[in-house]
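Asks: Quick one: the structure is below, questions incoming.
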Amino acid sequence: MAWQLIVPVVAGVALGVFGNGAGDQVALAVRGEWADVVVVSKDSVKTNHCDLRTVGGREISPSLSEGEGCGDWVEAGSKLRVRYDPAGVASPTSDVKQSSNAGFLTVLFVLAVVMGTWGGVRQSRWDREYVPA
């Protein structure tokens, strides 16, 4: 019976991760600005993260992640063009065209609800079978 909870839990975690990315995309679409930036430092311990400043000297927060443009070829002093959130909420990106995960998020949500409901109904039926009369 516990295996039925695996799908909703995994789908819920995936919704959180991909939903966060979708939120960043919306924030950048609404208030994002393109800027020429300089890589101040690069952290490559597990994945690459680049600390950025605009050419005018303004620090950009949060850092640029590997998947958004801080590749292996980037070094401190490199110049990039990124879209960033002046409020510092959304992560910057160098990707000009970002794909939407709306369909994927919808499928995950429906899958979590269906499997969670099915598990709950099945557990309820199982409990009634073993109630002493």
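The values are calculated or read from the model by the stated rules, or taken from the named source; none is laboratory data. For clarity, every value in this text was computed on a predicted model and none was experimentally measured. With ideal geometry, Cβ positions are generated from the backbone for all residues, glycine too; neighbour counts draw on all protein chains shown. Surface accessibility is based on the protein's heavy atoms, side chains included, excluding ligands, DNA and RNA. Shrake-Rupley method; radii C 1.70, N 1.55, O 1.52, S 1.80 Å.
Asks: Listed residues Ala29, Ala11, Ala22; which is among the small types (Gly, Ala, Ser) and either part of a strand (DSSP E or B) or loosely packed, with under 15 Cβ neighbours inside 10 Å (or both)?
Replies: So the residue among Ala29, Ala11, Ala22 that is among the small types (Gly, Ala, Ser) and either part of a strand (DSSP E or B) or loosely packed, with under 15 Cβ neighbours inside 10 Å (or both) is Ala29.
Asks: Here is a follow-up. What are the pairs, 6+ residues apart or on separate chains, where a residue within the range 107-122 that is over 15 Å from Ile6 (Cβ atoms) has its Cβ under 8 Å from a residue that is surrounded by fewer than 12 Cβ atoms within 10 Å (Cβ to Cβ) and among the aromatic types (Phe, Trp, Tyr)?
Replies: Every condition considered, no pair remains.
Asks: Which residue is modelled with the lowest pLDDT, if the candidates are limited to the range 82-128 and must be assigned to a loop (DSSP other than H, G, I, E, B) and among the hydrophobic types (A, V, I, L, M, F, W, C)?
Replies: Val96
Asks: Provide a single number: the residues in the range 58-96 that are polar (S, T, N, Q), without any contact (Cβ under 8 Å) to a residue 40 or more places away in the chain and within 12 Å of Trp34 (Cα to Cα). Full working, then the answer.
Replies: So in the range 58-96, the residues polar (S, T, N, Q) come out as 61, 63, 65, 78, 91, 93-94.
Those left that are additionally without any contact (Cβ under 8 Å) to a residue 40 or more places away in the chain: 61, 63, 65, 94.
From the residues that got through so far, the ones that are within 12 Å of Trp34 (Cα to Cα) too are 94.
Selection size over the range 58-96: 1.
Asks: Can you find a residue in the range 53-64 that is in contact with a strand residue (DSSP E or B) (Cβ under 8 Å, 6 or more places away or on another chain), of a type outside the set (D, E, K, R) and in a helix (DSSP H, G or I)? Even if it seems obvious, please write down each step before you answer.
Replies: Here is the first cut: in the range 53-64, the ones in contact with a strand residue (DSSP E or B) (Cβ under 8 Å, 6 or more places away or on another chain) are 53-55, 59-60, 63-64.
Next, only the ones that are of a type outside the set (D, E, K, R) stay: 54-55, 60, 63-64.
Checking the rest, the ones that are also in a helix (DSSP H, G or I) come to none.
Looking for residues that are in contact with a strand residue (DSSP E or B) (Cβ under 8 Å, 6 or more places away or on another chain), of a type outside the set (D, E, K, R) and in a helix (DSSP H, G or I), one finds none in the range 53-64, hence no.
Asks: Just need a number here: residues in the range 57-75 that are open to solvent by 60 Å² or more (accessible area, probe 1.4 Å), under 15 Å from Ser91 (Cβ atoms) and more than 18 Å from the chain's Cα centre (by Cα).
Replies: Matching residues across the range 57-75 total 1.
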